[in-house]
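Let me begin by presenting the structure, written as structure tokens, before commenting on it.
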Amino acid sequence: MTFTTDTEAQSHTTTASLAQRLKAETAGEHERMHRLMAKADVFASKERYSRFTLAQYYFQQDVEYLFQHPELAALIPDIEVRGRAQVALQDLHDLGIKPEGHELKSLDAVHPEGLGWIYVSEGSTLGAAFLFKEAQNSLGLSAGFGARNLAAYPEGRARVWKRFVQALDAADFNGSQQDAVIQGALNAFGHFGQMLEQLEQLR
Ligand code: HEM
């Protein structure tokens with residue numbers, strides 16, 4: 001007969017991968033994004049959608065700033081296929097908006113917190129499938145005009161997401177590094193949520 005101590009039993013039941021922890025521990029923030037998106041009613045008019053696209057553009061700039069960080073870039077082997085700042089800027093151009101620019105919010109989120117910011121951006125490409133349909137149906141936009149930032153990556157959303165999840169888990173972080181990544185994700189959600197709450201003020 002073998003006996004396990006309480007601590008051993010606990011460590012067996014609480015071992016979750018970084019990707020699983022991120023999903024579980026940011027689920028409340030994801031729910032909050034749904035509520036904020038519904039409240040912001042971003043497909044009600046081209047004007048509202050333009051402000052949402054500004055938020056997307058600024059958020060993508062925050063995230064892509066982190067791509068330049070060598071320790072983070074080394075964790076994501078296909079970093080060059082990721083990021084939507086350029087296409088969001090093209091969308092803004094289609095919509096007749098010239099962004100005034102914003103202060104980068106990710107300057108302190110280097111390693112490993114930065115991976116949490118990138119997680120929020122990459123995960124948001126999944127929900128963007130629904131938003132893309134709405135942009136097409138409600139506003140007549142497309143992957144070639146105005147809604148490039150919501151379109152799938154050329155390889156397809158699921159495939160690129162799966163590779164990202166593999167990269168998250170391959171990082172093989174210890175508990176406190178994982179905590180830092182989760183904090184980075186919470187900060188990123190917090191920042192995007194703040195922009196959604198103040199869309200009117202984005203320029
Ligand atoms: C109304 C708007 C949204 C809808 C309908 C939506 C929907 C979804 C769906 C269906 C998934 C896939 C869930 C799964 O595979 O279990 C997903 C994942 C995700 N979404 Fe959203 N989403 C929305 C807004 C957002 C926003 C604004 C953000 C971030 C700024 C975001 C971040 C994420 C993340 C990080 C994941 C990955 C979760 C995981 O770890 O599997 N979503 N979303």
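Is it the case, given these coordinates, that Ala147 is within 16 Å of the ligand (Cβ to nearest atom), surrounded by fewer than 21 Cβ atoms within 10 Å (Cβ to Cβ), more than 18 Å from Phe189 (Cα to Cα) and not β-branched (Val, Ile, Thr)?
Numbers: within 16 Å of the ligand (Cβ to nearest atom): yes; surrounded by fewer than 21 Cβ atoms within 10 Å (Cβ to Cβ): no; more than 18 Å from Phe189 (Cα to Cα): yes; not β-branched (Val, Ile, Thr): yes.
Spelling it out, it is not the case that Ala147 is within 16 Å of the ligand (Cβ to nearest atom), surrounded by fewer than 21 Cβ atoms within 10 Å (Cβ to Cβ), more than 18 Å from Phe189 (Cα to Cα) and not β-branched (Val, Ile, Thr).
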Quickly run through the stretch 45-79 and pick out the residues that are within 18 Å of Leu92 (Cα to Cα), without any contact (Cβ under 8 Å) to a residue 60 or more places away in the chain and among the charged types (D, E, K, R).
Glu47, Glu64
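Would you check if Tyr65 is away from the ligand (no atom under 11 Å from the Cβ), part of a helix (DSSP H, G or I) and crowded, with 21+ Cβ neighbours inside 10 Å?
Details: away from the ligand (no atom under 11 Å from the Cβ): yes; part of a helix (DSSP H, G or I): yes; crowded, with 21+ Cβ neighbours inside 10 Å: no.
Considered against the rule, which asks whether it is away from the ligand (no atom under 11 Å from the Cβ), part of a helix (DSSP H, G or I) and crowded, with 21+ Cβ neighbours inside 10 Å, Tyr65 comes out as no.
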Single condition Met195 does not satisfy, out of (1) at pLDDT below 95; (2) buried (at least 18 other Cβ atoms within 10 Å of the Cβ):
(1)
If I ask for residues that are polar (S, T, N, Q), within 10 Å of the ligand (Cβ to nearest atom) and either open to solvent by 30 Å² or more (accessible area, probe 1.4 Å) or assigned to a loop (DSSP other than H, G, I, E, B) (or both), which ones from the stretch 91-142 would you list?
Ser124
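The values are calculated or read from the model by the stated rules, or taken from the named source; none is laboratory data. Values in this document were obtained by computation on a predicted structure and should not be read as measured data. Quick reminder, even Gly has a Cβ in these numbers, built from the backbone with ideal geometry, and neighbours come from all protein chains shown. Surface accessibility is based on the protein's heavy atoms, side chains included, excluding ligands, DNA and RNA. Shrake-Rupley method; radii C 1.70, N 1.55, O 1.52, S 1.80 Å.
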